[in-house]
């Protein structure tokens, strides 16, 4: 069922006309009357339905406009909301799952207002916000606020009831399959809330909170509870502080399934011949049952429902996640090409023809992501998570260092290691490393408990220190082997980290395996019990694996700067094979690039570029075959930071100086490289010690600035004497 959108013919005094959506920037809300703010040169307005039929005509004399504008401006200046036109009562109706029609008066009862919450059971954001809405329904019930869920896209009413049961929703959910209510209230996405008072006036419309100002992009920091604020103002009789916000979510205009009898031209893309192979290559590793993707993309019906949204996400470069560009060949899928995007658009424009299943090219079976990698054989050692992690229905994402006890008396040489999530729906990504037993135990004592847990139902072992790593980095062994290091990474679609045939990953004696896990929420209570599989090398390998850290040299990212560049470099002391790259920075980054300048070569090699960095989608990139680099190769990394208010991922509002430090709200540039070499590349641990030295320098400078000594951070990221000091060094 497609959403019928109201459009308007706008005529200006110069004679030009154009069709605009009803929810134009200068109009308050479709279906709620026009709120004139500033309409220079506007002379005529026509309303059109989706079929183009003339629906109404309002001629506005240009001489009257100053009076209308002045009146609205005076009301705004006085702090009084302009009166909204009541929504017609016959349009404020919904249908129960049993087929009964419920009017506005019945929904309102003796209440003060009805909050219509537009939802769709398969929309991941509607799932995420279900418990938030349920809490608001309970909180404001005594104040006369009635929350009513509205589902417009119900293929099967049983899905709606299953949604209520799965997410523990107590408020009623009804249907609006004709989109009558959605059109009247101007709802365009799910979830979206519209509050209508007893006089049928729209008092608030938009987001539930500002966790997602952009679809799929979580705003760091504490969410602003915009719907709750509006309800508080309404109950208190105050002017609503922000009556309109822009909701972000799943589009509320599901396409129609094309008729089976539609004639398809031979060159037209079809689902089986063209779309299914694309989905198999780019999407299905995550978007299949039990995996991290919030919905499946396996069947024709799945594609009909979600591909248009997928095109938008691909064009915004949010999907597939963690896209990279490179001159090297990685196992990570390459991003969709312009030709593939054009094919998807052509398929949609043609009515989404299904085609013939016999036209499907051969597709490799999807791996079993619930099991350890089969072609390696059973792991020699399996480490179980000591206690399950419990993730509450909503709140901030959880970051946690989980300790898997091992503590062998001898070094272990590994040919492979794999982190295996117990619940793929909640494990977003993980980094697997090792720590000495005594270091891990001290970290649990100091930073265990509820650090980083925001929901009452959250439970987790291990430790988390939001302002640092939570442990003191132990000294490197005399033979150059680090006692604390990463070994592998996990993101959806990635399985075991396998060393080259002539090399091994060293897990030092006396160490436990520590996994830094990132957990997301699904709108309901979840648990996870993950495992780590270890495969031992069968013979003494000729080469050792080295973890090299490339540090970005900076102290602070100044507030307000939109393109602050940070660089760092590392020069290879011996010939070595590059096996894996882990780009790493934090939330302010826009893009990150790594290049290699080989001795005697004029043009640097693009090792890896992340064109649109997202902290929530970090990955570990394995080369298809190790790449040999000669001694003297200089690896250079560069990142661009945006520390302005325009950056939706900025953890601070308003922006503030962000220092080089370990917290996720601090910044760092620290790409990591896994090299295989015949002897250790960094026997003194100098690459990591450079990172530690810069952290210490940054912390010292931060104390100078924050303790109001005579130093400040300038727009170039330097710490300099404050110009506000007098000759006696006083403010």
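For the pair residue 574 and residue 703, the difference between a 0.36 nm per residue extended length and the Cα-Cα distance amounts to 42.5 nm. Against the empirical 2.2 N^0.38 Å (N residues), the range 542-688 has a Cα radius of gyration ratio of 1.10.
Let's test the formula: R0 of 51 Å, r as the Cβ-Cβ distance of residue 90 and residue 371. What FRET efficiency results, to the nearest 0.05? Efficiency, from the Cβ-Cβ distance: 0.35. Taking the Cα of residue 678, stepping 7 Å toward and past its beta carbon, and measuring to each backbone N in the range 562-590: which are under 20 Å? Only 572-579 fall inside the zone, counting backbone N under 20 Å. The order of the peptides 401-411, 499-509 by mean Cβ neighbours within 10 Å, most packed first, is 499-509, 401-411.
Dividing the mean sequence gap of close Cα pairs (under 8 Å, 6+ apart) by how many residues the range 542-688 holds gives a relative contact order of 45 percent. Look at the alpha carbon pairs under 8 Å that are at least 6 residues apart: their mean separation over the length of the chain gives a relative contact order of 11 percent.
Against the empirical 2.2 N^0.38 Å (N residues), the chain has a Cα radius of gyration ratio of 1.07. Estimated purely from DSSP H runs of n ≥ 4, each contributing -39500 (n - 2.57), the mean residue ellipticity at 222 nm for the chain is -5500 deg cm²/dmol once divided by its residues. Compared with the alpha-carbon gap, the fully stretched path from residue 341 to residue 625 is longer by 99.3 nm at 0.36 nm per residue. Computed from Cα positions, the angle between helix 686-706 and the longest principal axis of the chain comes to roughly 50 degrees. If you find the alpha carbon centre of the range 582-660 and of the range 471-518, how far apart are they in angstrom? Value for the Cα centre distance between the two parts: 21 Å. What do you get for the angle between helix 226-236 and the principal long axis of the chain? Use alpha-carbon atoms, 0 to 90 degrees, nearest ten. Helix 226-236 and the main axis of the chain meet at about 40 degrees. From the alpha carbon centroid of the range 134-151 to that of the range 387-440 is 39 Å.
Put a dot 7 Å past the Cα of residue 313, heading toward its Cβ, do the same for residue 363, and the two dots end up 1.7 nm apart. Placing dummy labels 7 Å off each Cα toward the beta-carbon, the span from residue 502 to residue 229 is 6.3 nm.
Given R₀ = 60 Å, what would the calculated FRET efficiency be for residue 646 paired with residue 105, taking r from the Cβ atoms and rounding to 0.05? After rounding, the FRET efficiency stands at 0.85. Size descriptors for the range 271-359: radius of gyration and Dmax over Cα atoms are 13.1, 38 Å. When 108, 92 are sorted by how many other C-beta atoms sit within 10 angstrom of their C-beta, beginning with the fewest, the order is 108, 92.
Full extension of the chain segment joining residue 411 with residue 479 gains 23.2 nm, where the gain is 0.36 nm per residue of separation less the Cα-Cα distance. With both residues required to sit in the range 89-251, DSSP beta bridges show an antiparallel share near 60%. Give me the angle, in degrees from 0 to 90, between the Cα long axis of helix 300-315 and the longest principal axis of the Cα atoms of the chain, rounded to the nearest 10. The angle comes out near 70 degrees. With just the Cα atoms defining each centre, how far is the range 152-225 from the range 294-348? Give it in Å. Comparing the Cα centres of the range 152-225 and the range 294-348, I get a distance of 27 Å. Peptides 469-476, 170-177, 536-543, ordered by how many other C-beta atoms sit within 10 Å of their residues on average, highest first, read 170-177, 469-476, 536-543.
Sorting the segments 98-106, 686-694 by their mean number of nearby beta carbons within 10 angstrom, highest to lowest, gives 686-694, 98-106. Quick note on the range 89-251: its Rg to Rh ratio, both from C-alpha atoms and Rh being the Kirkwood radius, is 0.93.
Just so you know, all these numbers are worked out from the coordinates, no wet-lab data involved. In this text, all values refer to a predicted model and were calculated from it rather than measured experimentally. Positions of Cβ are backbone-derived with ideal geometry, glycine not excepted, and every protein chain shown enters the neighbour counts.
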